[in-house]
Amino acid sequence: MTAAAVTLADVLAARRVIRGAAVRTPLIPSAFLSKVAGREVHLKLESLQPIGSFKIRGALNAVAALPPGTKGVTCCSTGNHGRGVAFAAARRGLRAVVCMSSLVPANKVGAIRALGAETRIVGGSQDEALAVSARLVAEEGLVEVPPFDAPEVVAGQGTVGLEIAEDLPEVGTILVPLSGGGLAAGIGVALKAVNPRARLVGVSMERGAAMHAAVAAGRPVPVEELPSLADSLGGGLGPENRLTFALCHDLLDEIVLVSEAEIYRAMQTLYFEEQIVAEGAAAVGVAALSRAGLRGPVAIVVTGRNVDMEAFTRIVTGRPVRLGDETLEGSVYAP
Ligand SMILES: *Cc1c(COP(=O)(O)O)cnc(C)c1O
């Protein structure tokens, strides 16, 4: 498996497919973060997508690639991918069944149902949801749309990188939230094709950073899933990872890990300095800004806005938040 498994041509083709349904999001300069970093810093606002995250891009591209006569689609998801698949399936008039664990918050389940998809809430883990999705493939002839490890998904997410490179051709560093690596791999393919010297930095939370552990071990390894403010970055790479591990291994220049306290603070920073509502996973790039190796102008991908608003309100008012059995101490924002 080499990085050539997805090419710039695939990303360019994906852009034509998703045009009109996914938004070409703005890249806005941040005066505050530019001052902090001592260089130009821009924010790529994927939080403005119709479903509240960039996952719409890969889902639209993957669903569009299914052959005529496809009976329907299924996936397992912690929320955002399921919403993307539900959105893309509805546009094609396809049945969609999204399998989730009982840990997925009610607001995310409700948003998926509102798009007309069926939901199956099964057990307490991603693995159980994946097993149900696999059974739907075998028994009902549905097609699985993986959350990251598929060429169409990687190419779709890569359109984010294409847009950044067009809007900021001199970009020197892109900071990308990193979980299964579909987004980082896609951006890497697009970025390095047009600007080979640019740095690609993946950012994960300290708790359960699957790609970081895999790169360190030289192969995907199991990681413990722990409650995190960056809930959308949870889950493993899968033991049979075909694509994103190899691509991220080849294309990422660095992986930075950030603490829960740093994510909390970055969510406050985006809110008070830029008036942006970002979920924890989307704020990790801002959290890593002062620690990542930077070159030239920087673009930070703000990946989504699908945050539980009660937790968000607690964070912006400086109150403590629950993370499983633990409590994360809060503090009131002061620049
Ligand atoms: C899925 C997701 C990510 C991580 O994307 P991967 O392709 O799995 O690395 C980051 N942020 C948000 C908001 C997400 O939903």
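Some points to look at:
- Signed unit charges on C-beta, dipole axis of the range 224-335, positive-most listed residue 313, 259, 244: 313
- C-alpha center-to-center spacing [the range 252-320, the range 64-81] in angstrom: 30
- Dipole magnitude for the chain: about 860 debye, using +1 per Lys or Arg Cβ and -1 per Asp or Glu Cβ, origin at the Cα centre.
- Computed over the chain with a Gaussian network model linking Cα atoms closer than 10 Å, the most mobile of 325, 308, 253 is 325.
- Rg(Cα) / (2.2 N^0.38 Å) computed for the range 178-263, rounded to two decimals: 1.05
- Think of the chain as a dipole: +1 on every Lys or Arg Cβ, -1 on every Asp or Glu Cβ, centred on the Cα centre; then among 300, 38, 27, 27 lies furthest on the positive end.
- In the range 56-201, Rg over Rh equals 1.03, where Rg is the alpha-carbon radius of gyration and Rh the Kirkwood radius from pairwise Cα distances.
- Measuring r between the beta carbons of residue 34 and residue 90 and using R0 = 56 Å, the FRET efficiency lands at 0.90.
- Net charge over other residues, Cβ less than 12 angstrom from the Cβ of residue 48 (K, R count +1; D, E count -1): +2
- Cα principal axis extents for the range 171-227, largest first, Å: 36, 22, 16
- Taking every DSSP beta bridge that has both ends in the chain, the antiparallel portion is near 20%.
- For the chain, modelled as a GNM whose springs connect Cα atoms under 10 angstrom apart, the maximal fluctuation among 275, 49, 157 occurs at 275.
- Close Lys-Lys pairs in the chain, where close means Cα under 28 Å and separation is 8 or more or interchain: 9
- Sequence of 192, 55 once ranked by neighbouring C-beta atoms within 10 Å, starting from the fewest: 192, 55
- According to the Kirkwood relation over distinct C-alpha pairs, the hydrodynamic radius of the range 155-204 is 10.4 Å.
- Projected-area average for the range 214-332 over all orientations - Cα convex hull basis, square nanometres: 8.4
- Local electrostatic count, residue 133, Cβ distance below 13 Å [Lys/Arg +1, Asp/Glu -1]: -4
- Over the residues of the chain, the helix contribution to mean residue ellipticity at 222 nm works out to -13000 deg cm²/dmol, using -39500 (n - 2.57) for each DSSP H run of at least 4.
- Positive dipole terminus of the range 148-305, leading residue within 196, 156, 180 (C-beta point charges): 196
- A Stokes-Einstein calculation at 25 °C with viscosity 0.890 mPa s, built on the Kirkwood radius of the chain over Cα pairs, returns a diffusion coefficient of 125 µm²/s.
- Local electrostatic count at residue 219 - Lys and Arg +1, Asp and Glu -1, tallied over other residues with Cβ under 15 Å: -2
- Computed over the range 7-91, the range of Cα coordinates on each principal axis works out to 54, 30, 21 Å, biggest value leading.
- Residue of 143, 36, 284 that the Gaussian network model of the chain assigns the largest fluctuation, springs spanning Cα pairs under 10 Å: 36
Any read-out appearing in this document is the output of simple, stated calculations on the displayed coordinates, not a laboratory observation. The structure displayed is predicted, hence computed values, not measured ones. FYI the Cβ positions are ideal-geometry reconstructions off the backbone, even for glycines, and counts take in every protein chain you see.
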